[in-house]
Every structure is written in C-alpha cells, then in structure tokens.
Amino acid sequence: MHKIFIDGGHGTTGLKISEYLCKRPDIEIIEIDPDERKNTDARLQMIKEADVSLLCLPDKASEEIALLAPDDAVLIDTSSRHRTSEGWVYGMPELTAGQRDLIRNSTRIANPGCHASGFILLVRPLVDAGLISKDSLLSCFCVTGYSGGGKSMIGRYESADRPNCLDSPGQYALGQSHKHLPEMVAMTGLVNAPCFSPVVGDFYSGMVMTVQLHGAQLSKAAGPEEILEVLNARYAGEPLIRVREDAPEDGFIYSNPLAGSNGMDIYVCGNKDRMLLAAVYDNLGKGASGAAVQNLNIVLGAGETTGLI
C-alpha cells in the first residue's frame with residue numbers, strides 16, 4: 001500500500017484529490033494532526049514518511065516546503081510556482097512521447113494549470129507539425145466555472161447576498177498577465193504569449209478553452225480537416241483525450257458537459273479561412289485534481305486512469 005500525504009488537503013484541489021484517493025485500496029492517505037498543519041517540521045516529517053506528497057498550497061508556501069524537502073522525496077505541486085522551474089518536470093503526460101517517462105522518474109513534478117492545459121494540448125501538436133510557427137501571435141479565451149477560483153470565489157458566488165453582477169459572465173486578467181501564460185508559452189514552444197481572455201461563469205465546474213485561428217496564420221495551407229488529422233494522430237490511444245470528428249449537432253459547445261469527469265474533448269470547427277479549436281474539460285478534473293491523480297498513478301506504476309474513469 002502506498003502512503004500519500006496531501007499538504008494543504010483542506011483546499012478545493014486537495015479535497016478533490018482526497019475524494020479520488022480515499023476510495024482506493026492501494027492507497028493510504030496519511031494525515032497530519034490538525035493542530036500541526038502549519039508546523040513546518042511536522043509537515044516535513046509527513047513528507048519523509050510518504051511515498052508521494054501532493055502540495056495543494058499557495059505558490060509561496062509550495063516554494064518554501066519544496067526547498068526544505070529531501071531531494072528524494074517525491075512531490076507533485078498543484079500550485080503555479082514550479083511549472084517552468086528548472087529541475088521540475090511538467091506533469092502533462094500527453095505533452096510529448098517521452099513525457100510519461102520523465103514524470104515516472106522524477107521527484108519534482110509540477111501539475112499544469114487549468115487554462116493552460118487546454119491551450120497546450122490544442123496548440124503544441126500544431127507547432128510540432130509545423131502548422132503554427134513558433135513566432136505566431138495567437139488569441140484564445142476560456143470560459144470556466146467559479147470553483148477554479150478556490151474557496152474565496154466559491155464563497156462569493158454561493159453567498160446569499162452576492163452582487164447581481166455575478167449572474168452574468170465576468171472577464172478577468174485584463175492586464176494580460178495571467179499566471180498561466182508562462183507555461184502556455186514554454187510548453188507549446190511559442191515565442192510570444194497569446195492574447196488571453198479568461199471568463200468566469202455562474203456555474204460550479206467545467207470549462208472550454210478556445211483558440212482562434214485565421215487560415216493565413218498557418219505556416220502551411222490547411223483547414224479543419226488537416227488540423228483534425230494532426231490532433232487525431234497525436235492523441236490516438238490517449239485514455240483521457242477524445243478528438244471529436246464533428247461539431248455538436250445543436251451548434252453549441254458548452255463549458256460543463258464534462259464537469260465531474262477527468263477527460264477532455266477536442267473540437268475543430270470553422271473553415272479554411274477561420275477556425276476555432278476548442279477543448280472541453282473540468283477545471284477540477286483534467287484541469288487540476290484529476291491531472292494530479294493521473295501523475296500520481298504514473299509515479300506509483302498504477303494504471304494511469306485508476307480512480308479517474
């Protein structure tokens with residue numbers, strides 16, 4: 001039986017990970033005394049006892065505990081602190097052909113950001129195939145449920161006296177400095193950060209990331225069919241990613257069809273002049289806690305989708 005410690009297990013991501021793991025006979029979640037949750041020495045002792053520790057902490061707290069943890073302690077960090085840091089492996093198994101081996105053999109794994117996950121999985125195969133040049137200027141937007149903002153945003157949306165403005169979608173990160181942008185650049189191979197508009201809606205979980213492409217932006221003459229061919233080739237056999245051959249029959253792509261799941265559906269819509277690439281998934285699933293468990297399974301040598309489907 002594998003011993004797992006969740007540092008920060010009372011936050012949204014940590015609670016969801018616990019929900020996945022507590023049902024498994026191959027895992028024992030070792031818990032710190034509630035009075036010692038902020039005691040660094042006590043947390044380090046738990047990390048030393050665990051086979052794998054999941055850090056579900058704010059960025060600064062993750063950085064602090066990771067610096068103190070033994071080099072051979074396996075850490076999976078769900079914060080944004082280490083996603084582009086030297087010595088940390090990016091925890092996206094589908095990124096490249098050898099990424100699973102890097103994750104399996106690492107003691108420092110950085111879980112991807114929710115918005116970044118959809119963008120990277122849509123764009124990286126097209127960069128690798130030469131359809132999108134590395135110096136392209138891309139635009140994207142993402143509509144997400146409010147649970148992505150953690151306990152504070154959940155509390156605001158679910159408050160009895162919440163403001164009326166929350167009844168409508170809200171665009172944020174207006175200064176174009178969203179914390180997921182560095183990994184969106186680094187993990188796609190792009191030179192320039194995309195113009196990114198995240199939008200939070202009045203629903204708990206689920207998200208759809210959309211990348212907008214003009215045919216003239218592509219390095220080769222291509223349309224939806226050619227892009228679908230590249231994406232199908234890249235994700236053939238992937239257990240958690242489905243490339244959809246056709247747009248939804250009703251003409252709508254919604255944000256929450258995969259809420260509560262750990263998969264991702266990819267759509268390519270439009271025509272040779274203008275295309276929309278869309279990734280539908282759950283911000284708490286493939287966008288956060290589910291992705292962390294997927295990485296954990298790889299590290300432990302368990303079936304990759306154990307406890308996820």
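The values are calculated or read from the model by the stated rules, or taken from the named source; none is laboratory data. Please read these numbers as outputs of a predicted model, since none were measured by experiment. A quick note on method: Cβ atoms are made from the backbone with ideal geometry, for glycine too, and the neighbour counts reach across all protein chains shown.
Out of 44, 55, report the one residue that is in contact with a helix residue (DSSP H, G or I) (Cβ under 8 Å, 6 or more places away or on another chain), of a type in the set (A, V, I, L, M) and touching a residue at least 40 places away in the same chain (Cβ under 8 Å). Spell out the reasoning first.
Numbers: 44 fails: touching a residue at least 40 places away in the same chain (Cβ under 8 Å).
Step by step, each of 44, 55 is checked, and only 55 is in contact with a helix residue (DSSP H, G or I) (Cβ under 8 Å, 6 or more places away or on another chain), of a type in the set (A, V, I, L, M) and touching a residue at least 40 places away in the same chain (Cβ under 8 Å).
Mind listing whichever residues of region 89-105 are in contact with a strand residue (DSSP E or B) (Cβ under 7 Å, 6 or more places away or on another chain) and either under 28 Å from residue 212 (Cβ atoms) or surrounded by 24 or more Cβ atoms within 10 Å (Cβ to Cβ) (or both)? Listed by number, the residues that qualify are 90, 91, 94.
Restricting the search to region 165-179, which residues are within 17 Å of residue 80 (Cα to Cα) and of a type in the set (S, T, N, Q)?
Our first condition is that a residue be within 17 Å of residue 80 (Cα to Cα); within region 165-179, this holds for 173, 176-179.
176, 177 - these are the residues of region 165-179 that are within 17 Å of residue 80 (Cα to Cα) and of a type in the set (S, T, N, Q).
Name the residue that is farthest from the chain's Cα centre (by Cα), counting only residues in region 45-90 that are outside any loop (DSSP other than H, G, I, E, B) and of a type in the set (Asp, Glu). Explain how you work it out, then say what you get.
Of all residues in region 45-90, those outside any loop (DSSP other than H, G, I, E, B) come to 45-49, 52-55, 59-68, 75-77, 89-90.
Narrowing further to those that are of a type in the set (Asp, Glu): 49, 59, 63-64, 77.
Numbers: 49: 27, 59: 16, 63: 19, 64: 22, 77: 12 Å.
Ranking the candidates gives 49 first.
Restricting attention to region 214-221, does a residue exist that is loosely packed, with under 15 Cβ neighbours inside 10 Å, in a strand (DSSP E or B) and not assigned by TED's automatic domain parsing to the domain that holds residue 19? Checked region 214-221: at least one residue is loosely packed, with under 15 Cβ neighbours inside 10 Å, in a strand (DSSP E or B) and not assigned by TED's automatic domain parsing to the domain that holds residue 19.
Would you call residue 75 within 21 Å of residue 183 (Cα to Cα) and crowded, with 22+ Cβ neighbours inside 10 Å? Give the derivation first.
Working: within 21 Å of residue 183 (Cα to Cα): yes; crowded, with 22+ Cβ neighbours inside 10 Å: yes.
Yes; evaluated as a whole, the condition is true for this residue.
Residue by residue, here is whether (1) surrounded by 14 or more Cβ atoms within 10 Å (Cβ to Cβ); (2) under 26 Å from residue 299 (Cβ atoms); (3) in contact (Cβ under 8 Å) with a residue 12 or more places away in the chain; (4) outside the structural domain of residue 53 (by TED's automatic domain parsing) holds:
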| site | (1), (2), (3), (4) |
| --- | --- |
| 107 | yes, yes, yes, no |
| 131 | yes, no, yes, yes |
| 166 | yes, no, yes, yes |
| 179 | yes, yes, yes, yes |
| 183 | yes, yes, yes, yes |
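Screening region 1-44 for residues that are assigned to a helix (DSSP H, G or I) and among the charged types (D, E, K, R) and picking the one that is nearest to the chain's Cα centre (by Cα) gives 16.
The rows are residues; the columns are (1) closer than 28 Å to residue 238 by Cβ; (2) of a type in the set (Gly, Ala, Ser); (3) at pLDDT below 95.
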residue: 2; (1), (2), (3): yes, no, no
residue: 6; (1), (2), (3): yes, no, no
residue: 23; (1), (2), (3): yes, no, yes
residue: 53; (1), (2), (3): yes, yes, no
residue: 57; (1), (2), (3): no, no, no
residue: 66; (1), (2), (3): no, yes, no
residue: 84; (1), (2), (3): yes, no, no
residue: 92; (1), (2), (3): yes, no, no
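Return yes when residue 79 is closer than 19 Å to residue 4 by Cα, at pLDDT 95 or above and in contact with a Ser or Thr (Cβ under 9 Å, 6 or more places away or on another chain) and no when it is not.
Details: closer than 19 Å to residue 4 by Cα: yes; at pLDDT 95 or above: yes; in contact with a Ser or Thr (Cβ under 9 Å, 6 or more places away or on another chain): yes.
For residue 79, the condition - closer than 19 Å to residue 4 by Cα, at pLDDT 95 or above and in contact with a Ser or Thr (Cβ under 9 Å, 6 or more places away or on another chain) - is met.
Considering region 258-301, the residues that are surrounded by fewer than 17 Cβ atoms within 10 Å (Cβ to Cβ) and farther than 25 Å from residue 233 by Cβ include one that is farthest from the chain's Cα centre (by Cα), namely 301.
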